[in-house]
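First the structure, in the form of structure tokens, and then the observations on it.
Here, each number is a calculation from the coordinates, and none is a lab measurement. Computed from a predicted structure; not experimentally measured. Cβ placement follows ideal geometry from the backbone for every residue including glycine, while neighbour counts extend to all protein chains displayed.
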Amino acid sequence: MEKLWGGRFQGKSEAWIDEFGASIFFDAKLAKQDIAGSLAHVAMLGKCGIISADEAAQIMAGLEVLAGKLAAGELEFSVVNEDIHLNIEKLLHEEIGPVAGKLHTARSRNDQVATDMHLYLKEAVTEIIASLAHLRTVLVTKAEDHVETIMPGYTHLQHAQPISFAHHLLAYYGMFSRDLERLTESVKRIDISPLGCAALAGTTFPIDRAYSAEQLGFSAMYDNSLDGVSDRDFIIEFLSNSALLMTHLSRFCEELILWTSHEFQFVELIDAFATGSSIMPQKKNPDMAELIRGKTGRVYGNLFGLLTVLKGLPLAYNKDLQEDKEGMFDTVHTVKTSLDIFAGMIETMKVNTSVMEQATQKDFSNATELADYLAKKGVPFREAHEIVGKLVLACTQKGIYLQDVALADYQAIQPVIEQDIYDALASYTAVAKRNSYGGTGFDQIRAMIEKAKKNTIN
Ligand code: ARG
């Protein structure tokens, strides 16, 4: 079959080489955007009198037929036509005959592919933002149910101080809010039209780039045609935002995996998000959480892949840029599905509140309370720290906890200690009282939830 760019060639092409150069296997995903870009382009050509109104109308009608066939799943692409752009053009030819050849006036596949990518990513990021917004709502709703659920707060994965479970959930709300902000902010750098930059240098035809940009719903145009065809920063930015977002999901997944283990038993996932073992009948594995943690790797890889493609790439278009697609598609799919699965997991998980609270009873996470108690009674904090440290050691040797020490023994160590020490040592009190701004105290948590609810109403 003849190639659309075949004029300059004499030798025969070879299928296996063509296959290596082709992108239709993956850029078929851009068919909808490619047709939309062509419609805007041809409307502009007609409006500017570059082709006749009749020709423009014929081409547009043909493109509409293709759009209808695409929606009905009736378009068939061939590797012979290399990529989505040439495939669509060929199909248009079959639909309307030689007038189809006028579509590519004042345009190149270089601005065409860039236009498709901008259109695709703008829509995809909007969908990801919606999923992320939903996850934030799920977190806030869950937090509301667990303001007074006490759990051990950890540093170094060792019991540190008791906290409210809602506090933990809202920490992730904070991370996801920053992700949401970054993605939303990035849209303005995706929402730029390269159409009309042509191959690299613009065109001698009297085109109206603003018109086609507007037709496509873009808010701006590239000011420099070389930049317009060779820029992939907007994809890198998306991949980078995605990498960080996946980091946050992965950290939380790691915690879910720990919390669902026999050792913790803080949380139970509903059956739909877990799987069994083919040999061990008792197993209920948190596969979905593990997979999200695992998939974080490929998202990092996609970011590094494209950064490496661009590093050292001279202006303007180079075929290397065809490598921008698979990683982007893969990231869009991975991030979107990970977010949706994760939100479902959090929404439906059963929180074993009593187990969480119990975990703060048989431990020394109230040691700071004792030190603070002494400090509030005038003992210098460093001295209080030393006293409590020695006491913890003595308790450990005896196999008891701070709340088990008799008042007489406390008073022998420090006479300022009174009966109210036992209330101060209770984990519930320890949490309730931490009302410094952003702290785990219930009043603070309620304020955080109120603030979050104002932001998540959508
Ligand atoms: N399939 C190509 C890509 O994805 C389209 C642009 C081709 N341009 C060219 N001059 N070969 O990058």
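Key figures for this structure:
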| read-out | value |
| --- | --- |
| Using alpha-carbon coordinates, inclination of helix 381-398 to the longest axis of the chain, degrees | 80 degrees |
| Along principal axes, Cα extents of region 319-458, largest first, whole Å | 78, 35, 31 |
| Relative contact order (percent, whole number), region 309-458, Cα cutoff 8 Å, 6+ residue spacing | 15 percent |
| Ascending count of other beta-carbon atoms within 10 Å, so fewest first, for Leu244, Leu119 | Leu244, Leu119 |
| Sequence of Val335, Val79 once ranked by neighbouring C-beta atoms within 10 Å, starting from the fewest | Val79, Val335 |
| On Cα atoms only, tilt of 109-145 relative to the major axis of the chain in degrees | 20 degrees |
| Ordering of 178-187, 93-102, 130-139 by burial proxy (mean other Cβ atoms within 10 Å per residue, highest first) | 130-139, 178-187, 93-102 |
| Percentage relative contact order, the chain, counting C-alpha pairs under 8 Å, at least six apart | 16 percent |
| Rg ratio (alpha-carbon, reference 2.2 N^0.38 Å) - the chain | 1.36 |
| Among the listed pairs Lys336/Lys451; Lys29/Lys319; Lys29/Lys90; Lys3/Lys69; Lys47/Lys69, those beyond 28 Å (Cα-Cα) | none |
| The chain: angle of helix 325-348 to the longest principal axis, Cα-based, in degrees nearest 10 | 40 degrees |
| The chain - mean residue ellipticity at 222 nm from DSSP helices (-39,500 (n - 2.57) per run, n ≥ 4, rounded to 500) | -20000 deg cm²/dmol |
| Ile163 long-range amide H proximity, modeled H, under 5 Å | Met151, Gly153 |
| Burial ranking of peptide ranges 299-308, 31-40 (average Cβ count within 10 Å, highest at the top) | 31-40, 299-308 |
| Between region 5-50 and region 204-274, the alpha-carbon center distance in angstrom | 26 Å |
